[in-house]
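Written below as structure tokens is the structure these notes are about.
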Amino acid sequence: MLPVSILDQTPITKNQTSQEALKQTIELAQLADQLGYTRYLVAEHHNLKDVIGTSPEILTMHLLNQTKDLRIGSGGVMLQHYHPLKIIEQFHLMDELSNHRVDLAVGKAPGGYPKVTEILKEELKEHYFSFDEKFEILNRLNTQNFDNTSKYAGLKTAKRQSETSSVPVYLLGTSLNSVIQAAEAKVGVIYAFFINAEQEALEEALEAYKSRFPEGRFIVSIPAMVTAVGDNQLPFRFSQRHFELISKDGRRTVLNTKAQVDDYLSQTDETFEVTEKRMHIISGNKEEVQSKLDEINRKHMIDEWMLHMPIPNHKLRMNTVRQLAPTN
């Protein structure tokens, strides 16, 4: 089986406190650490009632202190809200504090509804960079690759020794354009199969990435839950309906309910194409889930799986991590 990692959005249920939800994320990361998972990435979302992972850099540092071998990082930082220099400073410092176990994944999405994302961008409006500009600056800052004429030349972060490698960078994406951008920047890619589950689109993205950057790491984030142990079916309920909002420039936002769509659209003047979709969760016993993963990787080009477990049931999530552990 391929290496396996985890993407955690730190879900919170109706009757939970924030501390209880965060404790479950810590427990999940510690279990993954014990069972030989490769990396554990935490997401960034703002002002959403069912997830509380607002600051991946803070949660990353805390999880690094609670684990021993597991790589920890963002999945991802929503780069549009921040200056790349501050992001690189944070992740270089965390990497030096953690024996170089840090990963930095960045995303193009806003990570929240228009009202809160506009607030996050308020102080950047006067000198606003596009995502592409920020992504290039971030990668150059990470590798300290500027000529002497650049205003960024000579800026120092926590990485002061030339022998210390830069932090591994990944671009989150679901489109052909995103994976090509990652390949051309020579960074890894995390393909959100839980958003775009079209097999042909995945394989087209894989071929485009590997043809441009053969040594690059292509990680596929899959919606998977082990919902049975042997013949024993575990309690499992999930509304598979969700809505995809696509902007004129191709940005995708995924929401779970029609009420959320209405709320989102009421906060912006921007127009979106709204499509109702069904998220197909790969579920069953361990063997059934692994068989489906083999089907998805029929061309043997994927480098790593990343579990996205879209069910807030903590026992079910812990069971999935145990059952799909690389050490099994």
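The table below lists the values:
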{"item": "Point-to-point label distance, Leu93-Arg241, nm (Cα→Cβ direction, 7 Å offset)", "result": "4.6 nm"}
{"item": "Extension gain, Ser266 back to Asn177 (0.36 nm per residue minus Cα-Cα distance, nm)", "result": "29.1 nm"}
{"item": "Counting DSSP beta bridges with both ends in the chain, the antiparallel % (nearest 5)", "result": "25 percent"}
{"item": "Residues of type aspartates and glutamates that Lys14 reaches as a straight line, Cα spacing below 13 Å, ignoring anything fewer than 8 places off in the same chain", "result": "Asp50"}
{"item": "Residue-span extension gain [Glu184 to Asp249] - 0.36 nm each, minus C-alpha spacing", "result": "21.4 nm"}
{"item": "Stretch gain in nm, segment Val274-Gln144, where the contour uses 0.36 nm per residue and the Cα spacing is subtracted", "result": "42.7 nm"}
{"item": "Cα-projected label distance for Asn328 with Lys151, points at 7 Å along beta-carbon direction, nm", "result": "5.3 nm"}
{"item": "log10 of Debye I(q)/I(0), alpha-carbon scatterers only, for the chain at 0.15 Å⁻¹", "result": "-1.40"}
{"item": "Greater than 21 Å apart at Cα, pairs in Lys86/Lys151; Lys86/Lys134; Lys258/Lys292; Lys134/Lys156", "result": "Lys258/Lys292"}
{"item": "Hypothetical label at Glu207: residues of the range 290-311 whose amide nitrogen lies under 17 Å (7 Å Cα-Cβ projection)", "result": "296-302"}
{"item": "Long-range amide H partners of Gly75 with built H, under 5 Å", "result": "Val42, Ala43, Glu44"}
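Here, each number is a calculation from the coordinates, and none is a lab measurement. Small disclaimer: the values here were computed from a predicted structure and weren't measured. Using ideal geometry, Cβ is built from the backbone for each residue, glycine included, and neighbour counts are taken over all protein chains shown.
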